[in-house]
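All remarks here apply to the structure that follows.
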Amino acid sequence: MFSLRNIPVQLLAAATCVLASPINLNSRAVIPHDAVVGFTQAVPSGIEGTLMLKYKPYLDVFNGCVPFPAVNAAGDTSGGLNPTGGSNAGCSSSTGQVYARAGTYNNNYAIMYSWYMPKDSPSSGLGHRHDWENIVVWLSSASESASLRGIAISAHGDYQKTTSPPLAGSRPLIGYVSYWPVNHQLVATDTQGGQQPLVAWDSMTPAARQAIESTEFGAATPAFRDANFMSYLADAAL
C-alpha cells in the first residue's frame, strides 16, 4: 500500500542501489592504431603556447612509421602494430600528432616534443610494437626574447645533444631513421620534413592524460607523463 511515510525509506533504498552500482568514468579501450582520432592543434594561452609553436620541430621520416596519434579525447589508446612486413607496413600515412610539455630545469626553460609510432621495426621480425621518441628544446627563459641554448634528441634510451642544431627559422629539423638492423631513433638533419598537429599536455582532456599516464606501451615509454617528465629533463640537460 502506498504511504507517504514510506517515501523516505524508498528513496534511501533507491539511493543505496545507485551507490552499489558505480559507473566507471575512467573506462578506456585499446583500439586499432589507425582508428585513433588525434587532437586538433591546441596550446595554452600566453607565453607557454607561443614558445611551443615557435620551436615546433619538423620531422623527416626516412624509413619506418610516420607519427600517429597515441590517444583520443575519450582516453582510448592505440594498439600499435606487430613488427611484421616492411618497416612502414600499415603505418605509412597519418595526420599524426606531436605532444608538447614545458618545464624548468636548472634555471633553463625546456619544451619536450614527443611523437608516437605504432611500431619500431627495421625490417620484418625485428623491433617491437609501439615507439615513443622525443626532443627537448632548451631556452634561456620563458620569454619571447629567450635565446635557444640547444636541443637534446632521443636515441635508444639516451640523448644526443647539440648547441647548434639545424633550424628552419626557429624550428629544429629532426629526422626519424633506422640504421639497419638497429631500431629507429631521432637525428638532427638538414632536410625539412613534415609537421603534425601539436597538442600541449595541459590542453589534452583529463581522460587522455590519464591514459598516457597508465597505459603500458611495451618497450616504449611516453617521456612526458608525470612519472617520467622531470627525470627525462635531467637526462636531456645540456
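The values are calculated or read from the model by the stated rules, or taken from the named source; none is laboratory data. These numbers were taken from a predicted model, which means no experiment stands behind them. Using ideal geometry, Cβ is built from the backbone for each residue, glycine included, and neighbour counts are taken over all protein chains shown.
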So if I check each of SER164, SER121, SER145, SER178, which one is out of contact with any strand residue (DSSP E or B) (no Cβ under 7 Å at 6 or more places or on another chain) and under 17 Å from CYS65 (Cβ atoms)? SER121
Name the single residue, out of those in the stretch 80-113 being among the aliphatic types (A, V, I, L, M) and part of a loop (DSSP other than H, G, I, E, B), that is nearest to the chain's Cα centre (by Cα). LEU81
If a residue must be touching a Ser or Thr at 6+ places or on another chain (Cβ under 6 Å) and polar (S, T, N, Q), how many such residues does the stretch 109-122 contain? 1
For the stretch 191-228, give me the residue count where each residue is closer than 30 Å to THR84 by Cα and either among the charged types (D, E, K, R) or in a loop (DSSP other than H, G, I, E, B) (or both). 20
Give the stretch 50-79 a look and list any residue that's surrounded by fewer than 19 Cβ atoms within 10 Å (Cβ to Cβ) and more than 16 Å from the chain's Cα centre (by Cα), or say none. THR50, LYS54, ASP60, PHE62, ASN63
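Can you name the residue in the stretch 124-148 that is buried (at least 16 other Cβ atoms within 10 Å of the Cβ) and either at pLDDT below 95 or not hydrophobic (A, V, I, L, M, F, W, C) (or both) and, of all such residues, is farthest from THR50 (Cα to Cα)?
Step one: filter the stretch 124-148 for residues buried (at least 16 other Cβ atoms within 10 Å of the Cβ), giving 126-139, 142, 146, 148.
Adding the requirement that they be either at pLDDT below 95 or not hydrophobic (A, V, I, L, M, F, W, C) (or both) leaves 126-131, 133-134.
Details: LEU126: 40, GLY127: 37, HIS128: 36, ARG129: 34, HIS130: 30, ASP131: 28, GLU133: 23, ASN134: 19 Å.
Ranking the candidates gives LEU126 first.
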Working carefully through the options VAL187, VAL136, find the one that is in contact (Cβ under 8 Å) with a residue 24 or more places away in the chain, more than 25 Å from ILE47 (Cβ to Cβ), outside any helix (DSSP H, G or I) and aliphatic (A, V, I, L, M). VAL187
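Considering only the stretch 10-50, state which residues are at pLDDT 95 or above, of a type in the set (A, V, I, L, M) and either touching a strand residue (DSSP E or B) at 6+ places or on another chain (Cβ under 8 Å) or in a loop (DSSP other than H, G, I, E, B) (or both).
Kept after step one, since they are at pLDDT 95 or above, are these residues of the stretch 10-50: 29-50.
Now narrow it down to the ones that are of a type in the set (A, V, I, L, M): 29-31, 35-37, 42-43, 47.
Correct list: ALA29, VAL30, ILE31, VAL36, VAL37, ALA42, VAL43.
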